[in-house]
Amino acid sequence: MTTDRPKVRITEVGPRDGLQNESVRIPTATKIQFVDQLSAAGFPEIEVTSFVSAKWVPQLGDASEVMRGITRRTGTIYSALVPNERGLEDALEACVDKVSVFVSATEGFSTRNTNGSVDEVLARIAPVVSRAKATGKPVRGYVSCIIRCPYDGPVDPAQVVAVCARLLEMGVDEIDLGDTIGVADADSISRLYQAIARIIEPSKTTLHLHDTHGQAITCALRALEIGVRSFDSSVAGLGGCPYAPGSAGNVATETLARAMVSAGFDTNIDIQRVSDAGLWMRQQLALSRAASS
Ligand code: HMG
Ligand code: MG
C-alpha cells in the first residue's frame, strides 16, 4: 500500500551477507527460491550474491547460477558484490543490475577480507567502477569498519571520510557505510555523520548495520534523525562476515521495517511476506545443517 508518508529504502542483503557465513552447503535451488520469495515482498533492491573467489567464500561459489536462476520482478534491482575485474566479467555475464564494490576503512580488515591494503583494493576496484558505469550499471561503494575494526580497533571518522572521498572520485553512485562487527551506538553514528556530511549528504548514503549488541535499531533511528533514508538489512537477522570474527548478522529486516513504520515512514515492503521468507529460510538452514551432521 502506498501512502504519502516519507519513504525509507530498504535493501535486502540476506541472500548475500546473510548466507555468506553459513558453513553448511545450501542448495542453489534453495537460494533461488529464497530470492524469489523476497522479490514477492516488494524490495526495491536485493543483494543476491557475491562474485568473489569461491576459495574465499565457498558458500557463494554458485553466484552465476543463482543470478541467472532468479525470477526478476519489475521494480526490484538485483545487485551483487564484485571484488575485481574477473568478478565483474562474471557478474555482467549473469546480467547483474547493479555492482557493489567494497573496501575497508582500515588496513587490518582490508588485508584479511580482500588480501590487499586499502590503497591496493581501491586500485583494484577503480577499473571495476569505470567499466560497470560504461556498461550502464549503477555502482554502490561499501566502506567497512566505519566504527571499529576487528583487527585494528577503534576507527577515526576521518579514515572513513578519506575512503568515501576516494570512492566518490571514482564515480560510485552510492556510498554504503558498514558497521561490519555491529558495535555502533547512536552517539558514534552521530559523530561519524558529522564528519561524513562534509563530503556527502547523509540522505545520499546507505547505512549497513550488523546487530551484535542489539543497538542497530537505535542507530537506525538516530540515522533517520540525521537524514539517512536508505538502510540494508537481512531477513531474520541472518548473517555475518567470515573475515570479521565476532560479527553477528545484519539488523533483521522485519524489525527494521516495523521500526521505520513506527517512526512515521513507509518502506513499501510487505512485512508479512518478509517474515514468511525469513521463517522459511531458517527452516531450510536447519534442514541443511541436519543433513550435514
Ligand atoms: P586473492 O587470493 O588475492 O586473488 O583474493 P587472486 O587474484 O590471487 O586469485 C586467487 C584465486 O581466486 C585464483 O584462482 C583466481 O582465479 C580466483 P586459482 O588460480 O588459484 O585457481 N579468483 C576468483 N574467482 C572467482 N571470482 C573472482 C575471483 N577473483 C580471483 N572474482 C579476492 C582477492 C578479492 C578475490 C579475495 O580476497 C576475495 O574474493 N575476497 C572476498 C571476501 C568476501 O567476500 N568477504 C565478505 C564480503 S565483504 C562484507 O561482508 C562486508 C560488507 O557486508 C559490509 C560490512 O558489513 O561492512 C560488504
Ligand atoms: Mg555486512
Report summary line: Residue count, segment 226-259, condition in contact (Cβ under 8 Å) with a residue 60 or more places away in the chain, in contact with an Asp or Glu (Cβ under 8 Å, 6 or more places away or on another chain) and away from ligand 1 (no atom under 16 Å from the Cβ), comes to 1
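So which residues in segment 21-50 are out of contact with any strand residue (DSSP E or B) (no Cβ under 6 Å at 6 or more places or on another chain) and part of a loop (DSSP other than H, G, I, E, B)? So that I can check it myself, show each step before the final result.
The initial filter retains those residues of segment 21-50 that are out of contact with any strand residue (DSSP E or B) (no Cβ under 6 Å at 6 or more places or on another chain), namely 21-34, 36-37, 39-42.
Correct list: 21, 22, 23, 24, 25, 26, 27, 41, 42.
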Report task. Report yes if residue 151 is in contact (Cβ under 8 Å) with a residue 40 or more places away in the chain and more than 10 Å from ligand 1 (Cβ to nearest atom), otherwise no. Result -> yes
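Looking at 104, 110, 100, which one is touching a Cys at 6+ places or on another chain (Cβ under 8 Å) and closer than 20 Å to residue 57 by Cα? Quick ask: steps written out before the conclusion?
Numbers: 110 fails: touching a Cys at 6+ places or on another chain (Cβ under 8 Å); 100 fails: touching a Cys at 6+ places or on another chain (Cβ under 8 Å).
Within the list 104, 110, 100, the selection yields 104.
Conditions tested, residue by residue: (1) in a helix (DSSP H, G or I); (2) more than 16 Å from ligand 2 (Cβ to nearest atom); (3) buried (at least 19 other Cβ atoms within 10 Å of the Cβ).
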position: 95; (1), (2), (3): no, yes, no
position: 102; (1), (2), (3): no, no, yes
position: 111; (1), (2), (3): yes, yes, no
position: 130; (1), (2), (3): yes, yes, no
position: 136; (1), (2), (3): no, yes, no
position: 142; (1), (2), (3): no, no, yes
position: 163; (1), (2), (3): yes, no, yes
position: 167; (1), (2), (3): yes, yes, yes
Report summary line: Per the filter on segment 144-161, residues more than 20 Å from the chain's Cα centre (by Cα) and assigned to a strand (DSSP E or B) are 153, 154
Query raised in the report: How about segment 245-293: which of its residues are modelled with pLDDT under 95 and among the small types (Gly, Ala, Ser)?
Result: 246, 247, 248, 249, 286, 288, 290, 291, 292, 293
Requested in this report: Scan segment 180-195 for residues that are assigned to a helix (DSSP H, G or I) and either buried (at least 22 other Cβ atoms within 10 Å of the Cβ) or away from ligand 1 (no atom under 15 Å from the Cβ) (or both) and report the count.
Outcome: 9
Query raised in the report: Is it true that residue 205 is buried (at least 23 other Cβ atoms within 10 Å of the Cβ) and away from ligand 2 (no atom under 14 Å from the Cβ)?
Result: yes
Query raised in the report: For segment 210-229, which residues satisfy the criterion of being more than 15 Å from ligand 2 (Cβ to nearest atom) and among the polar types (S, T, N, Q)?
Result: 215, 218
Report task. Inspect all residues belonging to segment 222-231 and state whether any of them is under 30 Å from residue 26 (Cα atoms), crowded, with 16+ Cβ neighbours inside 10 Å and touching a Gly at 6+ places or on another chain (Cβ under 7 Å). Result -> no
Requested in this report: Would you check if there is a residue in segment 228-243 being within 30 Å of residue 54 (Cβ to Cβ) and touching a Cys at 6+ places or on another chain (Cβ under 6 Å)?
Outcome: no
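The values are calculated or read from the model by the stated rules, or taken from the named source; none is laboratory data. Worth saying up front: this structure is predicted, and the values here are computed from it rather than measured. Every residue, glycine as well, gets a Cβ built from its backbone with ideal geometry; the counts of neighbours run over all protein chains shown.
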